[in-house]
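Before any comments, here is the structure.
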Amino acid sequence: MTTGSSQRPHRGPLDASRLAEAFAPYPDLTLELLAEAASTNAVAAQRAAEGAPEGLVVLADHQAAGRGRLDRTWQTPPGTAVTFSLLLRPGVPAACWPWLPLLVGHNVAKALTALGHEASLKWPNDVLLADGRKVAGILVERVDTPAGPAAIVGVGINVAQEAAELPVDTATSLAIDAAGVAPDRETVLLEAVATVREGYDVWQAGGEQGTERLASSYRAHCATIGRQVRVDLPGGGELLGRAVDIDGSGRLVVQTSEGPRSVGAGDVVHVRPAPDAD
């Protein structure tokens, strides 16, 4: 779904007519474009409760109060980021749902790679660029609706921010990565949505083997594996060791001095690099 070549990013509003035209050939995707929203996930969750079908994309030209894992909040200057939520209604067994956030991160990284950026993954689903800085974050929330459980997939991608506009020094943007030349926001959105939806459909159709293929591909692109890490746990505890694998449930396996420990995304506060042990 890539449209157009790279160009210096601008900060004007998203082109609604271009987006409508680009989404038209995809009947399994529908777009709701908002000028501004506090949280696209909150809007998408409301639409899900009202019976919206799978494939609804809620896109905010400017998201004023984005949310990440553990209710962390963030803001971006208007016109600099791609922020959207995709409504999905997975039919896979409940035991497979923990793979969904990893699938989304993996496919957002694939989309950015297709646009010319060297992207990788920090477990579970932070998208990093070649310098190891974070360019995209993902929040997947399960919501109960009259039509059954749904997943709200929230994605935020830094596109046009300059270094001084980033909230932390561990963040980056596509423009910084490409020395000021990056795809426009419409191109980034279309590539990300199409790639995530395609990966999701393949996973859904593949059954148990689909999850196994996803796990194998995810491991191959996860920059956390092989690194010495410090895992901060709720309550102030921590694990120190080498990240050695992603298990069959999508949990990070850390080889500690006391043996291997597996932790799920909901069990950790942070996973940070740690100095190599002597």
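The values are calculated or read from the model by the stated rules, or taken from the named source; none is laboratory data. All of these numbers come straight from a predicted model, not from anything done at the bench. Cβ: placed from backbone, ideal geometry, glycine included. Neighbour counts: every protein chain shown.
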Take the residues in segment 22-42 that are within 19 Å of the chain's Cα centre (by Cα) and small (Gly, Ala, Ser); name whichever of them is farthest from Ala64 (Cα to Cα). Ala42
If you go through segment 172-188, how many residues are buried (at least 19 other Cβ atoms within 10 Å of the Cβ) and modelled with pLDDT of 90 or more? 10
Just for segment 188-246: of the residues that are basic (Lys, Arg) and in contact with a strand residue (DSSP E or B) (Cβ under 8 Å, 6 or more places away or on another chain), which one is farthest from Pro260 (Cα to Cα)? Arg197
For residues that are in contact with a strand residue (DSSP E or B) (Cβ under 6 Å, 6 or more places away or on another chain) and of a type in the set (D, E, K, R), scanning just segment 247-278, find the one that is nearest to Val127 (Cα to Cα). Arg272
Enumerate the strands (runs of 3 or more DSSP E) found wholly within segment 1-96, keeping only those where 3 or more residues are crowded, with 20+ Cβ neighbours inside 10 Å, in contact with a helix residue (DSSP H, G or I) (Cβ under 9 Å, 6 or more places away or on another chain) and at pLDDT 95 or above. 56-63, 81-88
Out of Glu165, Glu191, report the one residue that is acidic (Asp, Glu) and either within 25 Å of Ala94 (Cα to Cα) or at pLDDT 95 or above (or both). Glu191
